[in-house]
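First the structure, in the form of structure tokens, and then the observations on it.
The values are calculated or read from the model by the stated rules, or taken from the named source; none is laboratory data. In this text the structure is predicted, and so the values were computed from the model without any measurement. Backbone-built Cβ (ideal geometry, glycine too); neighbour counts: all protein chains shown. Heavy atoms of the whole protein, side chains included, go into the accessibility calculation; ligands, DNA and RNA do not. Shrake-Rupley method; radii C 1.70, N 1.55, O 1.52, S 1.80 Å.
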Amino acid sequence: MIHIDNMKVLKALIYAKDDIQPLIDGSSKKRVHLDVLRRKNVLLLISGLDMSSDELSILEQIYNESRHHGSRLDSQYEVVWVPIVDRSVQWSDPMKEKFESMQSSMPWFTVYHPSLIEKAVMRFIKEVWHFRNKPILVVLDPQGKVVCPNALHMMWIWGSSAFPFTSLREESLWKDETWRLELLVDGIDPVILNWIKEGKYIFLYGGDDVEWVRKFTNTARAVAQAARIPLEMVYVGKSSKREKIQRVIATITVEKLSYVWQDLTMIWFFWTRLESMLYSKIQLGKLDDHDPMMQEIKKLLSYGREGGWAVLSNGSNVVVNGHRTTVLQTLLEYDLWKEQVPVKGFDLAFRDHQGRIHDISRPCCRFDFPMTTGRIPETMKCPECNQTMEKFSTFLCCHDEVIPDELFK
């Protein structure tokens, strides 16, 4: 149906009657009617009570930044938190406390109480919008039409510059994007952006093997001195195993091995943005196996699962995206290719030697999609050899990851 505004749709989703004010305004903490959202772009943040503090803090940062950058964006979109709580589970005091704590911390509109959301709406959100407990951000235009089934991915990648958060906007942002270091670190760390401006060589590296980290950083520093190039290194951890990553960070800091992100939220955001790039392409139906940029993103995600890795860039330009075995071996064999440095330049000499090693020992590629993701591709091609990958079901229990968020505040 064609609507003159979004009221009919919002009433059907949130609360149909006019007898109570179903929303709380995040800025004033006062109850308000749905009318405040009339003819606005509305972003429905749909989640359970288990949304992580990392997700909330980054989302809040993006939201606040868009509010500070003038009225152009300010009046054009509103966020509404729609809490989804299983009705078959008894509403308890801890759940009430968790809900109230999340609600009070949010600067945007929130549904007054989870009980306002009808069972039929919850079923619709799960079956039609593919909500599987992982937060999603459904975008409705001023007439209440869904213009993006989940804008969370583009919000993580491009922040508020992705406005109006439609699938069309997402496609156009990808068309303008290139495989460069800024794509990986934009909006996370200004220090690296300064290194890029200065035209330095930069190693972005990760993994959880402290011995490899030690060997890699010391060898890279020695090679940089021998080749007389300005090199910076930054450790960006791993997408899981927070406790282990904290130990690696402590070692790097004490031994002054390289620059490191001390804030675990930055590490979480780096990997979430990378995963969002993959999910964004899946959602758009554009997981094109011939897209070179997507191949590199897939490689990096796979290396992140399989241990250590390193990305070498010359300023903005990514030279090598390599598995830990090939990158370290290339550095250790510097004497075999150092004659090429004056001829080709350090970046191309490094890339050519690493390419030869890589062709001999190709690492396994692996992708893990939680069942809570919602949209999982039927098939995937390997970014290394382009063959169709095997599909497994995995049961996983990582004890060092089940640590209360409070320990990281």
Check your understanding: Where does each of ARG273, ARG87 land when they are ordered by accessible area, with a 1.4 Å probe and the largest first?
Key -> ARG87, ARG273
Practice item. Select from ALA151, ALA222, ALA120 the residue whose mean-square fluctuation is largest in a Gaussian network model of the chain (Cα-Cα springs shorter than 10 Å). Key: ALA120
Point to revise | Correct option for semi-axes √(5λ) of the Cα gyration tensor in Å [calculated from the coordinates] among (1) 44, 36, 15; (2) 33, 27, 21; (3) 43, 22, 21 | key: (3)
**Study point:** Listed residue (SER160, SER105, LEU140) projecting farthest to the positive dipole end of segment 76-181, Cβ model
**Key:** LEU140
**Study point:** Rel. contact order, % - alpha carbon contacts under 8 angstrom, at least six apart, the chain
**Key:** 15 percent
Revision key, fill the gap. Expressed as a percent, the accessible surface of segment 142-251 that is carbon or sulfur, using a 1.4 Å probe and the full set of protein chains, is 51 percent
Check your understanding: In nm, to one decimal, how far is the modelled label at VAL146 from the one at MET7, with both set 7 Å along Cα→Cβ?
Key -> 2.4 nm
Point to revise | Qualifying lysines (Cα of each under 29 Å from Cα of LYS98; at least 8 residues distant if same chain) | key: LYS11, LYS17, LYS29, LYS30, LYS119, LYS126, LYS134, LYS238, LYS241, LYS244, LYS409
Study note, to complete from the structure: Percent relative contact order for segment 103-244, counting Cα pairs under 8 Å at least six residues apart, stands at 13 percent
Exercise for review: Whenever you get a sec, line up THR265, THR178, THR394 from highest to lowest accessible area (probe 1.4 Å, protein heavy atoms).
Suggested key: THR394, THR178, THR265
Point to revise | Order of exposure, largest accessible area first, which applies to LYS17, LYS134 with probe 1.4 Å | key: LYS17, LYS134
Check your understanding: Given the rule -39500 (n - 2.57) for each run of at least 4 DSSP H residues, summed and divided by the residues of the chain, what is its mean residue ellipticity at 222 nm, to the nearest 500 deg cm²/dmol?
Key -> -13000 deg cm²/dmol
Study note, to complete from the structure: Note, segment 136-149: 3J(HN,Hα) by Karplus (6.51, -1.76, 1.60, θ = phi - 60°), whole Hz, Gly/Pro = x, goes 10, 10, 8, 9, 10, 7, x, 9, x, 8, 6, 10, 7, x
**Study point:** GNM result for the chain, Cα springs below 10 Å: residue of ILE20, ILE46, ILE58 fluctuating most strongly
**Key:** ILE20
**Study point:** Rough spin-label spacing in nm, given labels placed 7 Å along Cα→Cβ, for GLU171 and GLU390
**Key:** 3.7 nm
